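Trainee: I'd like to ask some things about the structure below.
The values are calculated or read from the model by the stated rules, or taken from the named source; none is laboratory data. Bear in mind the structure is a predicted one, so any value in this text is a computation, not a measurement. Ideal geometry is used to build each Cβ from the backbone, glycine not excepted, and the neighbour counts take in all protein chains shown.
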Amino acid sequence: MQIFEALSLACDELTHNSVINPRVDAEILLACSLGQSRSYLLAHFQDTVDEPLSLDFFCKVRERCKGKPLQYILGYQEFWGLKFEVSPAVFIPRPETEFVVETALKYLEDNRLTIVDVGTGSGCLAVTLAKILPQARVWAIDLSESALKIARRNADRHGVTRRVEFLQGDLLEPLRSLVSEGQIDAIVSNPPYVSQKELLTLQKEVRDWEPHLALVGKGSGSSIYPHLVSQSRMWLKPGGILVMEIGYRMQEEVCALFHQGWKQLKISEDLSGIPRAVAGLKV
């Protein structure tokens, strides 16, 4: 089978199963199976695909037809220009979460900082900040041991294992045996903020494949934010910063939590003007 024939068959199958952007997905999956770039496919349109590679490609296509996210099939997702391993054990990093990094960096300098990432998942926030701030020490916390295993591998991939410590537990509780309250410079988080009702309306790629613990958490909707803000106020140094990603139309509700013990509030919007990150400085 030639490359153009494989792409045509895959595109038809993906289209039949209502996959968005079937041509793009087909090209990405075939390039992955061949170990080549998408541009290679254009330059070698009539080349023959060996049977083992063809079988691997159509196996990937069938997974995509079932709704499995492209990132889980490929096994990685880029974040802040870095490649992160992902699997159904972790939430797929989104471009919006880069606003958490961007906002935090406006307040942080490259000195001996202590940073905590709450709900680290793939480790994208913790590893990225450790990579950008080579003198910082980072604690990355998650309830899921399966997620932490992937986060550890991502830290190793990017050479920051010695400065990022991974802890299993709820919110900031795992810090109690490691550091005194009022000693943290920065806390970052992309917490679960989807309600059970909203979960049912999400695309099947998200609803059926991504971990519900990362989407909804132990509660539902915005219920985690009051606890995270309250605990962060205890653990941060005076002048320390808390940066959290927020969901659509959550700005007013989340900002109201910073009414006491915080001296400055910053809202970061994406290119469409949608609030994506809230940052507060502790008094």
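Trainee: If a residue has to be assigned to a loop (DSSP other than H, G, I, E, B) and of a type in the set (A, V, I, L, M) to count, how many in region 107-127 make the cut?
Mentor: The number of residues fulfilling the criteria is 2.
Trainee: Another question about this same structure. Looking only at region 163-184, decide whether some residue is hydroxyl-bearing (Ser, Thr, Tyr) and at pLDDT 95 or above.
Mentor: Scanning region 163-184, I find no residue that is hydroxyl-bearing (Ser, Thr, Tyr) and at pLDDT 95 or above, so the answer is no.
Trainee: Given the options Ala140, Ala155, Ala104, Ala130, name the one that is in a helix (DSSP H, G or I), within 22 Å of Pro211 (Cα to Cα) and aliphatic (A, V, I, L, M).
Mentor: Within the list Ala140, Ala155, Ala104, Ala130, the selection yields Ala155.
Trainee: Starting from region 147-161, take each residue that is in contact (Cβ under 8 Å) with a residue 40 or more places away in the chain and list its partners that are in a helix (DSSP H, G or I), counting only C-beta distances under 6 angstrom and pairs at least six apart or across chains.
Mentor: Asn154/Val127; His158/Val127; His158/Lys131
Trainee: Can you give me the number of residues within region 3-27 that are part of a helix (DSSP H, G or I) and either small (Gly, Ala, Ser) or surrounded by fewer than 18 Cβ atoms within 10 Å (Cβ to Cβ) (or both)?
Mentor: Number satisfying all stated conditions: 13.
Trainee: Further question: Taking only pairs six or more apart or across chains, which ones have beta-carbon atoms under 6 Å, a first residue in region 90-106 that is farther than 12 Å from Ile132 by Cβ, and a second residue that is surrounded by fewer than 22 Cβ atoms within 10 Å (Cβ to Cβ) and of a type in the set (A, V, I, L, M)?
Mentor: Matching pairs, first to second residue: Val90/Ile150.
Trainee: Taking Glu253 as the residue in question, decide whether it is assigned by TED's automatic domain parsing to the domain that holds Leu129, out of contact with any Leu (no Cβ under 7 Å at 6 or more places or on another chain), within 30 Å of Val19 (Cα to Cα) and among the acidic types (Asp, Glu).
Mentor: no
Trainee: Please enumerate the residues belonging to region 83-140 that are hydroxyl-bearing (Ser, Thr, Tyr) and over 22 Å from Glu173 (Cβ atoms).
Mentor: Once the filter is applied, which keeps residues that are hydroxyl-bearing (Ser, Thr, Tyr) and over 22 Å from Glu173 (Cβ atoms), region 83-140 yields Ser87, Thr97, Thr103, Tyr107, Thr128.
Trainee: Which ranges mark the helices (runs of 4 or more DSSP H) fully within region 210-283 that have 3 or more residues being under 17 Å from Val116 (Cα atoms) and of a type outside the set (Asp, Glu)?
Mentor: Output list reads 224-235.
Trainee: When you check Leu178 against the structure, is it of a type outside the set (S, T, N, Q), more than 22 Å from Glu85 (Cβ to Cβ) and surrounded by fewer than 16 Cβ atoms within 10 Å (Cβ to Cβ), yes or no?
Mentor: Taking the combined requirement at face value, the residue satisfies it.
Trainee: Counting only residues that are in a loop (DSSP other than H, G, I, E, B) and not β-branched (Val, Ile, Thr), how many does region 92-101 have?
Mentor: Residues flagged as in a loop (DSSP other than H, G, I, E, B) and not β-branched (Val, Ile, Thr) within region 92-101 amount to 2.
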